[in-house]
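The values are calculated or read from the model by the stated rules, or taken from the named source; none is laboratory data. Because the structure is a prediction, the values reported are computed rather than measured. Here the Cβ positions follow ideal geometry from the backbone for every residue, glycine too, while neighbour counts run over all protein chains shown.
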Amino acid sequence: MAEKLFLEVVTPQKAIVSEEVEIVVAPGSEGEFGALKGHTTFLTSLKVGSLRYIDAGGKERYIFINGGFAEVLPDKVTILAESAEYRKDIDVERATKAKVRAEKRLANKAADTDLVRAEVALKRAMHRLRIKDIK
Ligand code: ATP
């Protein structure tokens, strides 16, 4: 059996994950990266996307990550995210509404619309819905 490493995912509101895992795959700003026990130390920022890991029981878990930072140590990965949710906690209706809202803002291009903000909101909503869709 693979040696385990410790995973912590925290947001300003709460700790989402704090457990031993076999592998973590996270959305680094320079590309997705995987970490197993013994990985060299590094620090990276994260983009909006999904983090997945295999827990101590061998089950694959998915978490939405709204950007942040990751610290990878040989025996521990710490993720500081602006917000994050387990797949089961993603509210599809809320994400769908956020997606429609952002799409409307982007389509209307009103003078007072912050397009970058609308694009990021759309990205968050689409990632949430994508994670929810994983079979
Ligand atoms: P909304 O426009 O619906 O608020 P958002 O993308 O702007 O969405 P965030 O700023 O990413 O929201 O998150 C604010 C808080 O709401 C966080 O605690 C986040 O976990 C939670 N949250 C946002 N959207 C969802 C969702 N679809 N399901 C579950 N929790 C959500």
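Across region 70-127, what is the number of residues that are surrounded by 14 or more Cβ atoms within 10 Å (Cβ to Cβ) and within 27 Å of residue 24 (Cα to Cα)?
Residues meeting the conditions: 26.
Report, ordered by the first and then the second residue, all pairs with beta carbons closer than 8 Å, sequence separation of six or more or different chains, a first member in region 53-73 that is within 22 Å of residue 43 (Cβ to Cβ), and a second member that is of a type in the set (Asp, Glu) and away from the ligand (no atom under 16 Å from the Cβ).
Going by the 8 Å Cβ cut-off, the qualifying pairs are 53/22; 53/60.
When residues of region 47-66 are filtered for being over 18 Å from residue 18 (Cβ atoms) and buried (at least 16 other Cβ atoms within 10 Å of the Cβ), how many remain?
Counting residues in region 47-66 that are over 18 Å from residue 18 (Cβ atoms) and buried (at least 16 other Cβ atoms within 10 Å of the Cβ) gives 5.
Can you find a residue in region 39-52 that is within 21 Å of residue 10 (Cα to Cα), more than 11 Å from the ligand (Cβ to nearest atom) and in contact with a Leu (Cβ under 6 Å, 6 or more places away or on another chain)?
The answer is yes, given that some residue of region 39-52 is within 21 Å of residue 10 (Cα to Cα), more than 11 Å from the ligand (Cβ to nearest atom) and in contact with a Leu (Cβ under 6 Å, 6 or more places away or on another chain).
Residue 3 versus (1) over 22 Å from residue 130 (Cα atoms); (2) at pLDDT 95 or above; (3) not hydroxyl-bearing (Ser, Thr, Tyr): which is the lone unmet condition?
Single failed check for residue 3: (2).
Would you please list the contacts, defined by Cβ atoms under 7 Å and residues six or more apart or on different chains, that run from a residue in region 79-91 that is in contact (Cβ under 8 Å) with a residue 24 or more places away in the chain to a residue that is basic (Lys, Arg)?
From region 79-91, the pairs are 87/132; 90/128; 90/132.
Which condition from (1) within 16 Å of the ligand (Cβ to nearest atom); (2) closer than 17 Å to residue 87 by Cα; (3) not charged (D, E, K, R) is the one that residue 25 breaks?
(1) is the only condition that residue 25 fails.
Filter region 90-124 for residues that are over 18 Å from residue 67 (Cβ atoms) and within 9 Å of the ligand (Cβ to nearest atom) and give the result.
Those that are over 18 Å from residue 67 (Cβ atoms) and within 9 Å of the ligand (Cβ to nearest atom): 91, 92, 93, 94, 96, 97, 101.
Any residue that is crowded, with 20+ Cβ neighbours inside 10 Å and within 21 Å of residue 122 (Cα to Cα) - is there at least one of those in region 29-44?
Within region 29-44 (the criterion being crowded, with 20+ Cβ neighbours inside 10 Å and within 21 Å of residue 122 (Cα to Cα)), the answer is no, since none of the residues qualifies.
Is region 111-119 home to any residue that is in a strand (DSSP E or B) and without any contact (Cβ under 8 Å) to a residue 24 or more places away in the chain?
no
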